[in-house]
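Below you'll find the structure, written out as structure tokens, and then a few comments.
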Amino acid sequence: MHFPQACLFDLDGVLLDTEGLHSEAWLKTAKTFGSTLNDDQLTNLKGQRRIDCAQEIINWTKGEQSVEDLLNIHQPISRRLMLKAKEMSGAKDLILWCISNSLPMALVTSSSASSVEFKSASNTWLKLIETRVYGDDERLKNGKPAPDPYLLAAEKLNTSPGSCWALEDSYSGVISANSAGCQVWVLDPRNNMESQEFPVKRLTNPYRIKSLEEFLSQLKLLQNRN
């Protein structure tokens, strides 16, 4: 294993503890249309762009509402809940360490630019990550699980995807980073990677960690070896 030339970070469930809030928002949104979502469906939505999630829900529920109608209901619900968003343990320290050690970073998120700005209001340290790929990036053709977001992030950092470490927690994000050729690190405190959610046979040399502190320890260890 080699020290990375750059680190690419997912946002929700990696740097911010928001996955439960996102699930709650989609449950409440579906409920307004008289529908419900099961645990497997909620898991499948993790890591995807909001517009793709909305289309998935319409497909599952065979609803007559449009994506726009569903998102108009979802946005205010989501924003109220995101006021509760807190940083993941060790997230701020990890970002500050990368900066102090001149390790390039990029945020690779399915959230829109406005959504990230909203979440950053109470987590101002996120603004330290200057290079970003949003779900609504005009240069992005396809969102996660397609490799496009990570390929674009590497391009913006002027480096190769194979020299980057990508830190993810969702099925869609892991497949996206792996397909792009990044070294994938899966933040997996509950051993979900052992389950069907993370089919290991589809991944190339993934590393599983239980905390961001463990990820930072690996960076420091390899830095000292080099």
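The numbers here are math on the coordinates, done by the rules we state, and not lab data. On a predicted model such as this, the values are computed, not experimentally measured, just so you know. Note that we place each Cβ from the backbone using ideal geometry, even for glycine, and neighbour counts take in every protein chain shown.
Count charges around Leu16 for me, please; just the other residues with Cβ under 12 Å from its Cβ, Lys/Arg as +1, Asp/Glu as -1.
-2
Please give the direction-averaged projected area of the C-alpha convex hull for the stretch 30-102, in square nanometres with one decimal.
One quarter of the hull surface, i.e. the mean projection, equals 6.7 nm².
If you take the beta carbon distance between Phe3 and Glu64 as r and set R0 to 41 Å, what does 1/(1 + (r/R0)^6) give as a FRET efficiency, to the nearest 0.05?
It comes out at approximately 0.20.
Starting from the Cα of Lys144, draw a straight line to each of the aspartates and glutamates and keep only those under 17 Å, dropping any in the same chain fewer than 8 residues away.
Asp10, Asp12, Glu19, Asp52, Glu56, Asp136, Glu155, Glu168, Asp169, Glu197
Among residues other than Arg80 whose Cβ falls under 14 Å from its Cβ, what is the net charge (Lys/Arg +1, Asp/Glu -1)?
+3
Based on alpha-carbon atoms only, what is the radius of gyration of the chain relative to the globular estimate 2.2 N^0.38 Å?
Ratio of Rg to 2.2 N^0.38 Å for the chain: 0.99.
How about the stretch 93-155: which GluC sites (Glu not before Pro) there lie in a loop by DSSP and see at most 14 other Cβ atoms within 10 Å?
Sparse-neighbourhood loop GluC sites (Glu not before Pro): Glu130, Glu138.
Over the chain, what relative contact order in percent results from Cα pairs under 8 Å that are six or more residues apart?
25
Count the net charge of all other residues whose Cβ sits under 15 Å from the Cβ of Pro104, scoring Lys and Arg as +1 and Asp and Glu as -1.
Value of the local net charge: 0.
Run the numbers for Ser163 and Glu117: contour at 0.36 nm per residue of separation, minus the present Cα-Cα distance, in nm.
Separation in residues times 0.36 nm, less the Cα-Cα distance, equals 13.7 nm.
Step through the residues of the stretch 64-78 one at a time and calculate ³J(HN,Hα) from phi using the Karplus curve (6.51 cos²θ - 1.76 cosθ + 1.60, θ = phi - 60°), rounding each to whole Hz and writing x for Gly and Pro.
8, 5, 8, 4, 4, 4, 5, 5, 5, 6, 5, 4, x, 5, 4
How about Lys84: which lysines have a C-alpha closer than 21 Å to its C-alpha, ignoring those fewer than 8 places off in the same chain?
Counting by Cα, and skipping residues close in sequence, Lys84 has these lysines nearby: Lys28, Lys46, Lys92, Lys119, Lys127.
Going through the stretch 3-72, which GluC sites (Glu not before Pro) have at most 14 other Cβ atoms within 10 Å and a DSSP loop state?
Sparse-neighbourhood loop GluC sites (Glu not before Pro): Glu64.
Using just the helices of the chain, give the 222 nm mean residue ellipticity in deg cm²/dmol: DSSP H runs with n ≥ 4 each add -39,500 (n - 2.57), and the total is spread over all residues, rounded to 500.
-13500 deg cm²/dmol
Translational diffusion coefficient of the stretch 6-63 at 37 °C, 0.692 mPa s, Stokes-Einstein with Kirkwood Rh over Cα pairs, in µm²/s as a whole number.
Stokes-Einstein gives a translational diffusion coefficient of 271 µm²/s.
Evaluate the Kirkwood expression for the hydrodynamic radius of the stretch 72-187, namely the inverse of the mean inverse distance over all pairs of different C-alpha atoms, and round to one decimal in Å.
Radius from the Kirkwood sum: 14.9 Å.
If you filter the stretch 83-162 for trypsin sites (Lys or Arg not before Pro), then keep DSSP loop positions with at most 11 other Cβ within 10 Å, what is left?
Answer by residue number: Arg139, Lys141.
Under a 10 Å cutoff between Cα atoms, tell me which one of Arg79, Arg190, Arg50 has the largest fluctuation in the Gaussian network model of the chain.
Among Arg79, Arg190, Arg50, the largest mean-square fluctuation in the Gaussian network model of the chain belongs to Arg190.
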